[in-house]
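The values are calculated or read from the model by the stated rules, or taken from the named source; none is laboratory data. Note that the coordinates shown come from a computational prediction; the quantities given were computed from them, not determined experimentally. Virtual Cβ from ideal backbone geometry, glycine too; neighbours counted across all protein chains shown. To get the accessible areas, we keep the full protein, side chains included, count just its heavy atoms, and leave off ligands, DNA and RNA. Shrake-Rupley method; radii C 1.70, N 1.55, O 1.52, S 1.80 Å.
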Amino acid sequence: MSCEIKEKDRVGTVNPIFTCQPAGAQFVSIGIKDCIGIVHGGQGCVMFVRLIFSQHFKESFELASSSLHEDGAVFGACGRVEEAVDVLLSRYPDVKVVPIITTCSTEIIGDDVDGVIKKLNEGLLKEKFADREVHLIAMHTPSFVGSMISGYDVAVRDVVRHFAKRENPNDKINLLTGWVNPGDVKELKHLLAEMDIEANVLFEIESFDSPVLPDGSAVSHGNTTIEDLVDTGNALATFALNRYEGNKAAEFLQKKFEIPAVVGPTPIGIRNTDSFLQNLRKVTGKPIPQSLVRERGVALDALADLTHMFLAEKRVAIYGAPDLVIGLAEFCLDLEMKPVLLLLGDDNSKYPNDPRVVALKENVDYDMEIVMNADFWELENRIKNEGLELDLILGHSKGRFISIDYNIPMLRVGFPTYDRAGLYRYPTVGYGGAIWLAEQMANTLFADMEHKKNKEWLLNVW
Amino acid sequence: MPHHEFESSKVIPERKQHVVIKGKGETIADALPQGYLNTIPGSISERGCAYCGAKHVIGSPMKDVIHISHGPVGCTYDTWQTKRYISDNDNFQLKYTYATDVKEKHIVFGAEKLLKQNIIEAFKAFPQIKRMSIYQTCATALIGDDINAIAEEVMEEMPEVDIFVCNSPGFAGPSQSGGHHKINIAWINQKVGNLEPEITSDYVINYVGEYNIQGDQEVMVDYFKRMGIQVLSTFTGNGSYDGLRAMHRAHLNVLECARSAEYICNELRVRYGIPRLDIDGFGFEPLADSLRKIGMFFGIEERAKAIIDVEVARWKPELDWYKERLMGKKVCLWPGGSKLWHWAHVIEQEMGLKVVSVYTKFGHQGDMEKGIARCGEGTLAIDDPNELEGLEALEMLKPDIILTGKRPGEVAKKVRVPYLNAHAYHNGPYKGFEGWVRFARDIYNAIYSPIHQLSGIDISKDEVPTDSGFLTRQMLSDGNLSEEVRNSETLRQYTGNYDSVSHLREKEYPTFEPKAAAGA
Amino acid sequence: MKAATTKKERVAPPPATPMDDKVEELIDFIMKHCLWQFHSRNWDRERQNEEILKKTKQLLCGEPVDLSTPSDRCYWVDAVSLVDAYRERYTWINAMSKDELAQLIDTLKARLDYLTISGSLNEELSDKNY
């Protein structure tokens, strides 16, 4: 009985769990107000990422391409960046922040994006856009390094590094949420409000869930402003909720401005949310109010209805973003469930030493596998050819056919969840997230019991 | 030339050459936008890349193939599960995609060894599949991996497998269209003619430029089978790899999407003397005409006519129910390439709609010639509209519906223009007689959505009726109809099933005696 | 990839004739209903227009049509379809003499060649390869 952490033993990828770094940088870009990123590479690197954002959120987000074509690939394409910046700024008068996001192609051909930015800062911006505040930010996100997760991490750091200034230190905290949904941001802001803590939330993406208005004026875009970003340097502390999605920025702020960094735990489940609130209390000195005691109690009340009777012993496979996967596994354990297989979609060498992973290795009392650099075949092959039995899958929509073909109920969680309606609206973090997750897991199992006529009569009384 | 300049594109004046409004009495020799030129960087175009044009659009619909992209995982992930091209083998090609997972060390030291390991692994994981397509990506093109050599090596070591190599990196051309071209030429050069098929009919076609979106191909193949025609291959939706190796044995190439697949038809004509017949699978009259022509080509026109009669009798009253209610509604057409001309005229003729604009994402001037030839005066034609132009045009034209992709559809939603997915369809298939009614039904449902009607009301200003708990589509659509139409006993709404395709897979077809046997 | 600057030489439209209105109707039908006139290269368009309209003329004039090769049959089906539509939609065509029909189709072809080839603004028509 043990928890084993290993690498996928094949070299190739059958059905990838993650996309590549530029997607993470693009997710950061759309979180910033008055910002349109330019992805320096082929057009597909933008078009498909915009598509998957729009599939997940059922909204459109603006991102531009330098449209690398054959000539650029042969002779270098720095000129395409210069032209892209000029065209973009000329046509979008509100744009102030322009991340320049590199890709595999432009990293391989060796385009000097930092040099181009310097040139543009001294030339084009002074000459043509002198009256305008414009920030060009290089983000090096070659696709052959890391994954969408590290791309996000790199991009948050690059943005913070560009803007952060320590001018008027204040009592705010920086809250780096990681790659989350509008529902998560809303829940986190709610917790902070109950604690009476002012926070600089990176990124303010509640507005991704935007309306249709009678005058047709609504657009979907993040709301983190330049002022917010500058202000990250004045904070009392930085809370990076996800170790792999924001930690680099927290480390930067700590090194540069000696702003203490609190990294994790991802506040998924009751226990991790408790830790988050404790950390907040310790850093700010603000007490945890009765309202949250009550809210926690409501959550525990809901969970108590589910755990022993329905969730206990259920064997779960979880895949997706590492902080999400680990957080969900921890919560599942609290719910008496058995996460038996965790799939992390990239090869980050820090995973084995992650204290949460170490704790799993030391304490799990049944067979659990954690696979790094995993693809979906690691899951499917175990089910199809190695006799893995599962009661539930937790993960994003790209794994949907495993659930469908092997008749295993699946709760969509993470990014992207395009094959279920509106999931981005609900939290997975905080006490609210704990309720949502547990109840959705239970309802998913209930629907499966009825669908398969597997003790469906159990629910006659409950 | 009647060019139109968008306010939003004044700073990129070359864009003016890409936009025309067809004026009174003007022809395609007067009005034609530029097309298939390099994209203006930073303009926020909708175009994809040549890798996706090759792998995602044309390669992947091939159903019995391991589709492996040689590069980092992103290209593979991004182009996976974003299409609705189904297949009758439980959607193998939709479910499985493969990446060689190129990492930094491979960029530095080369990734050929990695590729070979990948190929062997993939065949091992899926022992029932013996065919593979390998797609180059930007990264592996730039480091110069010799994919062909590796494929040859594996084929020598594993004689039971066959591997196709498509070298079409993302940067190879102004849009995905560059990839369509590259894979057409690569396929005919590498694979056509190296397998001899079993010929089971006197009438043998390749069905080309058809991607089985929501079952389009299966609907059309049903007609062909009812006519006793052997469909040797479909390029490529629901098509099999080995069928496509035998394309040289067909008597006729029946071509739908000339944009993406005319290259291979042209080459097949030049190299093997197979004639090319361009057809329209959309719309009653064009489809009937197309089936009839195919029948005539083989001397079996009466078989086509019998199908047309049955299908028209079955579905025309339903099409006309919608036509009465869609009369005069304004449509923006913004498909990828071919649907702009497939649909431009016939949705006016057969659904009563008014096409106010035709855009293309990746079309060439040839597509705009066809599109502009088929639409009326005053129609706005835009080559590769960018984000701001698209919005400005919506503001200018105020259409009742836009037929476009998922993401631009979300933009349209915000300015309260309902959208229908032109690429993947809402509830297709849209080809075939029944499919065309489904298309009309989907357009009707979008335009007369009670929710769409609500979105125009400003509760802070407008007088909101307090005595109505609901509206129906028909309450919205039937107000101005004549009594006769409203109470017609012949017209009716769509009566088909949610799934109009799966039953075709179990269908039995009549056997026709071969000519040789009949003559003996 | 073609350069943005290449401009092909355009030929002036053929001179107007008394048949113009009728020809325009016939042209409009082809434009809205047919695809055969829009192959992607000059040489293909020339051949398509030539062969299909030759057979169209033969059918209209009641002359024998050569169906000896698959290509001939393919041109022929487009021609039959066109002739049937013309006879049904433009009934005046049924009253024309052989000579008039021959002249009509010649004029039609000249106009179609202009619109799709010599007067075409499509810069890809002269590409050497498919």
Item to complete: List, in the order given, every pair from A:K361/A:K452; A:K118/A:K165; B:K55/B:K113; B:K293/B:K316; B:K293/B:K329 whose Cα-Cα distance in the structure shown is over 24 Å.
Response: A:K361/A:K452; B:K293/B:K329
Worksheet item: If you put +1 on each Lys and Arg Cβ and -1 on each Asp and Glu Cβ, how big is the dipole of chain C around its Cα centre, in Debye rounded to 20?
Response: 340 debye
Discussion item. So, taking all protein chains as they sit and a 1.4 Å probe, how much accessible area belongs to A:V87, in Å² rounded to tens?
Written reply: 10 Å²
Discussion item. Place a point 7 Å from the Cα of B:V108 along the Cα-to-Cβ direction; which residues of region A:110-130 have their backbone N under 20 Å from it?
Written reply: A:110-112
Practice prompt. Round to the nearest 10 and give me the degree value, 0 to 90, for the angle of helix B:432-447's Cα axis relative to the longest principal axis of chain B.
Written response: 50 degrees
Fill in: Two-site label geometry, A:E456 and A:R281: point separation in nm, points 7 Å out along Cα→Cβ
4.7 nm
Worksheet item: Could you state the number of Å between the C-alpha centres of region B:7-79 and region A:298-352?
Response: 43 Å
Response to the item:
Counting sequence-distant residues (5 or more places) and residues on other chains, those with an amide H built under 5 Å from that of A:V201 are A:L175
Practice prompt. For helix A:290-304, report the angle its Cα long axis makes with the longest principal axis of the Cα atoms of chain A; keep it between 0 and 90° and round to the nearest 10°.
Written response: 50 degrees
Discussion item. Across region B:222-351, what fraction of all alpha-carbon pairs, as a whole percent, falls in each successive 10 Å bin from zero upward?
Written reply: 11, 36, 35, 15, 3
Worksheet item: Classify region B:50-190: rounded, prolate or oblate, from the alpha-carbon gyration tensor (a ≥ b ≥ c, eigenvalue square roots; a/c under 1.5 rounded; otherwise prolate if a/b is larger than b/c)?
Response: rounded
Discussion item. Quick check: the distance between the Cα centres of region B:354-416 and region B:184-244, to the nearest angstrom?
Written reply: 32 Å
Worksheet, complete the sentence: So, for the Cα atoms of chain B, Rg and Dmax in Å stand at 24.2, 83
Item to complete: List the residues whose amide H sits under 5 Å from the amide H of B:S69, counting only those 5 or more places along or on another chain, with H placed 1.01 Å from N in the peptide plane.
Response: B:Y98, B:A99, B:T100, B:Y135
Discussion item. What is the angle, in °, between the Cα long axis of helix A:148-163 and the longest principal axis of the Cα atoms in chain A? Nearest 10 is fine, range 0 to 90.
Written reply: 50 degrees
Discussion item. For a bin width of 5 Å, list the pair-distance distribution of region B:261-302 built from all Cα-Cα distances, rounded to whole %.
Written reply: 6, 23, 20, 20, 20, 10, 2
Worksheet entry | Whole-Å distance, taken between Cα centres, linking region B:454-468 and region A:95-116 | 49 Å
Discussion item. Contact order normalised by length for region A:241-362, with contacts defined as Cα pairs under 8 Å and 6 or more residues apart; what percent is it?
Written reply: 21 percent
Practice prompt. Using per-residue counts of other Cβ atoms within 10 Å, averaged over each peptide, order B:245-252, B:495-502, A:363-370 from highest down.
Written response: B:245-252, A:363-370, B:495-502
Fill in: Electrostatic dipole magnitude of region B:157-209 [Cβ: Lys, Arg +1; Asp, Glu -1; Cα centre; debye, to 20]
440 debye
Fill in: Kirkwood hydrodynamic radius of region A:31-164, Cα pairs, Å
15.1 Å
Worksheet item: Where the convex hull is taken over the Cα atoms of region A:173-296, what is its projected area averaged over directions, in nm²?
Response: 8.4 nm²
Worksheet item: Taking a point 7 angstrom from the Cα of B:E285 along the C-beta vector, which residues in region B:434-457 have backbone N less than 18 Å away?
Response: B:434, B:436-437, B:440
Practice prompt. Could you run the Karplus curve 6.51 cos²θ - 1.76 cosθ + 1.60 with θ = phi - 60° over region A:107-116 and give me ³J(HN,Hα) per residue in whole Hz, x for Gly and Pro?
Written response: 6, 5, 6, x, 4, 8, 5, 4, x, 5
Fill in: Exercise: per-residue mean of other protein chain Cβ atoms within 10 Å, C:59-71
1
Worksheet item: For region B:50-190, what relative contact order do you get, as a whole percent, if you take Cα pairs closer than 8 Å and at least 6 residues apart?
Response: 35 percent
Worksheet, complete the sentence: Largest-first ranking of B:M62, B:M396 by accessible area, probe 1.4 Å, whole protein assembly kept, is B:M396, B:M62
Worksheet entry | Cα centre as origin, Lys/Arg/Asp/Glu Cβ charges: the protein assembly as shown dipole, Debye | 280 debye
Response to the item:
Loop-resident trypsin sites (Lys or Arg not before Pro) in region A:315-384 with no more than 14 other Cβ atoms inside 10 Å, DSSP not H/G/I/E/B, are A:K350
Worksheet item: How much of the calculated P(r) for region A:173-233 lies past 14 Å, in percent of all Cα pairs?
Response: 60 percent
Item to complete: Would you tally the net charge around A:G216, using a Cβ to Cβ cut-off of less than 14 Å, leaving A:G216 out, and scoring K and R as +1, D and E as -1?
Response: -1
Fill in: Global geometry of chain A, whether rounded, prolate or oblate, following the gyration tensor of its Cα atoms and the 1.5 cut on a/c
prolate
Discussion item. Test of understanding: express the Cα radius of gyration of region A:267-409 as a ratio to 2.2 N^0.38 Å, with N the residue count.
Written reply: 1.16
Fill in: Accessible area buried at the B-C interface, both sides summed, 1.4 Å probe (Å², nearest 100)
3600 Å²
Fill in: Exposure ranking of A:V263, A:V95 by accessible area [1.4 Å probe, largest first]
A:V263, A:V95
Worksheet entry | Stretch gain in nm, segment A:N385-A:R294, where the contour uses 0.36 nm per residue and the Cα spacing is subtracted | 28.0 nm
Response to the item:
Averaged per residue, the 1.4 Å probe accessible area of the protein assembly as shown, protein heavy atoms only, in Å², is roughly 36 Å²
Discussion item. I need the calculated FRET efficiency for the pair B:M158 and B:N497, taking r as the beta carbon distance and R₀ as 45 Å, to the nearest 0.05.
Written reply: 0.55
Worksheet, complete the sentence: Rounded to the nearest 100 Å², the accessible area buried between B and A, both sides, probe 1.4 Å, is 6100 Å²
Worksheet, complete the sentence: Within 10 Å of the Cβ of an average residue in B:76-89, the count of other chain Cβ atoms is 4
Worksheet, complete the sentence: Projected onto the charge dipole of region A:173-296 (unit charges on the beta-carbon of Lys, Arg, Asp and Glu, signs +1, +1, -1, -1), the Cα from A:G264, A:F208, A:A193 with the largest positive-side position is that of A:G264
Item to complete: Take A:M195, C:M19 and sort them by solvent-accessible surface of the protein heavy atoms, 1.4 Å probe, largest at the top.
Response: C:M19, A:M195
Fill in: Taking the convex hull of Cα positions in the protein assembly as shown, its mean projected area over all directions (nm²)
47.9 nm²
Discussion item. Whole-Hz ³J(HN,Hα) for each residue in region B:401-412, computed from phi via Karplus 6.51 cos²θ - 1.76 cosθ + 1.60 with θ = phi - 60°, x for glycine and proline: what do you get?
Written reply: 7, 10, 9, 7, x, 3, 6, x, x, 5, 5, 4
Worksheet item: Where Lys and Arg each count +1 and Asp and Glu each count -1, what net charge lies around B:G173 among other residues with Cβ under 9 Å from its Cβ?
Response: 0
Fill in: Cleavage-rule hits, trypsin sites (Lys or Arg not before Pro), region C:89-130, DSSP coil, Cβ neighbours within 10 Å at most 16
C:K128
Discussion item. Between B:I459 and C:E100, what is the label-point separation in nm under the 7 Å Cα-to-beta-carbon projection?
Written reply: 7.0 nm
Worksheet item: Per residue of A:5-14, how many C-beta atoms from partner chains lie within 10 Å of its own C-beta, taken as a mean?
Response: 6
Worksheet, complete the sentence: Counting only residues 5 or more apart in sequence or on a different chain, those whose built amide H sits under 5 Å from that of B:T236 are B:G209, B:E210
Worksheet entry | Relative contact order for chain C, counting Cα pairs under 8 Å that sit 6 or more residues apart, in percent | 41 percent
